[in-house]
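Heads up, the thing below is written out as structure tokens.
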Amino acid sequence: MRPIESRNLPARQRRQILIGVCIALMAVISSVSGLNIAQPNLAVEFDASQAEVLLFINIYTITLAALLLPLGAMGDRWGRKSVLLAGLVVFGIANAAAGLATSSGVMLAARFLSGVGAAMIMPVTLAVITSTFPDEERSKAIGVWTAVAGGGGILGMFLSAALVDAGSWRWLFVLPVTLVLAAIPMTLRSIPNSREESEHKFDIVGSLASVVAIVGIILVLLEGPERGWSNSVTLTSLAIGAAGTLGFTAWELRQQRPLLDVRLFRKRNLASGSVSILAVFGVQAGVFVVLYPFFQAVLGWSGLRSTIALMPMAVLMMAASGLAPRVAARIGARTTMASGIVLFGAGLALMAAFVSVGGGYLSVLPGMVAMGLGMGLIMTPSTEAITSSLPRERQGVASALNDVTREVGTALGVALLGAVLAAGYRNAIDSHLQGVPAAAAGSARKGIANAMAVADESHPYSQALIRAARESFVTGWQQAMWSGVIVMTFLFVYVLARGPRRVPE
């Protein structure tokens, strides 16, 4: 079926399509962050080191990010329905295997296969929307998709935390398997198998080069903060990422039918949409790195209660994502994005200005509210700017580019704001460690969780150390939030100068 024909579907079928792809997307998004909740359980179950547990988590993200572009392009060629169904089957089986895993090797293999399945699902879900919905309904449908993509991670973490509290870490995988079982019949019944018709061969070399580039970049951002930026593993990853990026660009410029035409980044829509998604998801991910330790280590909350605390931001983000198409229709995509950036930056500034140990949750709630509204106003027009820059028959690649930008931005934000937080914490706590034994002081410098663990040993200095660690964490928090404000300021200026135009190019 040609993509143009699939736009004449009945309204009821289009609604079913939207529900089906959002359920599939929710399965993928919830699995990105869900395993973070069970890190201590996994370490005990498999007698695994912290590095092994982090590999369980990161192998999924790396595989997903690396395969998005080639598998998105395969969806365009082989049929989006076929690739989506195959991805759902692989993803469902892999998650079931992870839930039943009896060794680290089985868990690692299952998480890798989950990433493969997720990379087949995620770009196709958006491509199905952009290739089946008529122009007058496309913005609203993309708004729903971005709402699930933005808020789904928080909702998934909440459900995952509830399942772990109610049962065990193995129950984490009940959620994605259940969502897959719900999505498969809806896909079979409602989604048309739209595809691209091309006389050119599939770009295998470009696909491999994109995998090398993205794996290298993601590894740099994951390993740099952990091992150090001058570590040999970090530098090797940087070299691989740079070589892959240069090789991919040079190859794509020579192809008649490239995997991704890099010349398209000269267009305002594609460039501004990509930069906005990269920056916003990066800062959001960095904020989550800060928020969870604040709720758990500073306020002493459980994982489930901490996730519930994020719900106001998630709900407002999803609501604003749905509202954004109507706002953009009135004032334009560029003004909508700029307004969202102002709100997002204001939220960061509010949290930096008012956060305190004594103020608790209420000291950060106003900032979270502003951030949620801002993100919703940014995400939908940014996503539409990217997808509208490529023709309908290349929507799998457009969607994959949107998703790759999100993943790279997330890793970049965690590395950047995480590093600022850690440096601010270390500098602040040093002045409070006089009289503390060297071993305990060394542990306390590593982070607030380490400081709290040392203080639990009931030494005479414990209460003073707990207070110092919490206050030092807030100092690091403020520096991380102000760094985010600086990023948003640059993004605001860029979007005003180079944001999407009202009239398509």
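Quick notes on this structure:
- Restricted to the stretch 250-264, and to residues there that are in a helix (DSSP H, G or I) and loosely packed, with under 14 Cβ neighbours inside 10 Å, the residue that is nearest to the chain's Cα centre (by Cα) is R263.
- Unique residue being small (G, A, S), in a helix (DSSP H, G or I), modelled with pLDDT of 80 or more and touching a helix residue (DSSP H, G or I) at 6+ places or on another chain (Cβ under 7 Å) when the list is A440, A353, A370: A370
Residues are listed down the side, and each one gets a yes or a no for (1) out of contact with any Pro (no Cβ under 8 Å at 6 or more places or on another chain); (2) of a type outside the set (S, T, N, Q); (3) touching a residue at least 60 places away in the same chain (Cβ under 8 Å):
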residue	(1), (2), (3)
L84	yes, yes, yes
L88	yes, yes, yes
T102	yes, no, no
M107	yes, yes, yes
A110	yes, yes, no
M120	yes, yes, no
A127	yes, yes, yes
I142	no, yes, yes
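- Enumeration of residues in the stretch 336-369 that are surrounded by fewer than 24 Cβ atoms within 10 Å (Cβ to Cβ) and farther than 17 Å from F294 by Cβ: A338, S339, V342, L343, G345, A346
- Within the stretch 269-326, considering residues that are outside any helix (DSSP H, G or I) and aliphatic (A, V, I, L, M), the one nearest to D403 (Cα to Cα): L310
- Test for L390: is it at pLDDT below 90, surrounded by fewer than 24 Cβ atoms within 10 Å (Cβ to Cβ) and not in a helix (DSSP H, G or I): yes
Here is a yes/no grid of residues against (1) open to solvent by less than 40 Å² (accessible area, probe 1.4 Å); (2) at pLDDT below 90:
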| position | (1), (2) |
| --- | --- |
| V180 | yes, no |
| A183 | yes, no |
| M186 | yes, no |
| V212 | no, no |
| I217 | no, yes |
| L235 | no, no |
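- Yes/no for G376 being surrounded by fewer than 24 Cβ atoms within 10 Å (Cβ to Cβ) and in contact (Cβ under 8 Å) with a residue 60 or more places away in the chain: no
- Odd one out for A239, checked against (1) open to solvent by 50 Å² or more (accessible area, probe 1.4 Å); (2) small (G, A, S); (3) closer than 16 Å to L416 by Cα: (3)
- Residue that is nearest to V32 (Cα to Cα) [pool: residues in the stretch 134-146 that are open to solvent by 10 Å² or more (accessible area, probe 1.4 Å) and touching a helix residue (DSSP H, G or I) at 6+ places or on another chain (Cβ under 8 Å)]: V144
- Test: G247 is crowded, with 20+ Cβ neighbours inside 10 Å and either touching a residue at least 60 places away in the same chain (Cβ under 8 Å) or in a helix (DSSP H, G or I) (or both): no
- Meets criteria (part of a helix (DSSP H, G or I) and more than 22 Å from V474 (Cα to Cα)) for P381: yes
The values are calculated or read from the model by the stated rules, or taken from the named source; none is laboratory data. Bear in mind that the values here come from a model prediction, so they are computed numbers and not experimental data. Glycine gets a Cβ as well: all are built from the backbone with ideal geometry, and neighbour counts include every protein chain shown. These accessible areas exclude ligands, DNA and RNA; they are computed on the full protein's heavy atoms, side chains included. Shrake-Rupley method; radii C 1.70, N 1.55, O 1.52, S 1.80 Å.
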